[in-house]
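Worksheet for the structure shown next.
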Amino acid sequence: MFAGSNVGRVIVELILVLHGPNLNMLGKREPGLYGAATLESINSRLKSLGAELNAMVETQQSNHEGGLVTMVQQAAERNVAGILINPGAYGHTSIALRDAFLSVQIPFVEVHLSNIYAREPFRHHTYLSDIAAGVVVGMGEDSYFCGLRGLLAGLRKS
Ligand code: DQA
């Protein structure tokens, strides 16, 4: 089976999961807010869920705004069908990341572990939400799993 191609009756999409700044610290970082799960365990569960749903999941993390922009740009050249992103704090600040998504036109779902709307006012707005196919917040690591299911369901409807 090859990512991004139809093989027999099985459709396999390549899904890119992007984690923004400080998410490499999950498990150690404010566990009361973000949970005890490490990024490695979330990534491994996302890959298993992807396999169950006949999708190939690739995961990347960067603490750098430009690194995330480049990953989004490169996704367009790699036949990535959809992107699941937790932009971390860059969601609240990065017009560059918004512009990257607008330029590639790859459907994406934005997720946040915490309920950003129940936190400080500066977290209530993100530069991605209004151009995302969907947004999932406040469900801890389940935000990622719900986001992946929703992203694939949406891709398969279109
Ligand atoms: C976060 C929420 C952001 O406001 C914060 O800057 C993060 C994590 C979340 O997953 O809840 O780094 O994206």
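Rounded to the nearest 500, the 222 nm mean residue ellipticity of the chain from helices alone is -11500 deg cm²/dmol, with -39,500 (n - 2.57) taken per DSSP H run of at least 4 residues.
Most mobile of 14, 68, 102 per a Gaussian network model of the chain (Cα springs, under 10 Å)? With Cα springs under 10 Å in the chain, the top fluctuation among 14, 68, 102 is at 102. Dividing the mean sequence gap of close Cα pairs (under 8 Å, 6+ apart) by how many residues the chain holds gives a relative contact order of 23 percent. Take every DSSP beta bridge whose two residues both sit in the chain; close to 10 percent of them are antiparallel. The residues of the stretch 18-121 expose, per residue, 46 Å² of accessible area to a 1.4 Å probe.
The values are calculated or read from the model by the stated rules, or taken from the named source; none is laboratory data. The shown structure was predicted, so the numbers you read here are calculated from the model rather than taken from an experiment. Calculation scope for accessible area: heavy atoms of the full protein, side chains included, ligands and nucleic acids excluded. Shrake-Rupley method; radii C 1.70, N 1.55, O 1.52, S 1.80 Å.
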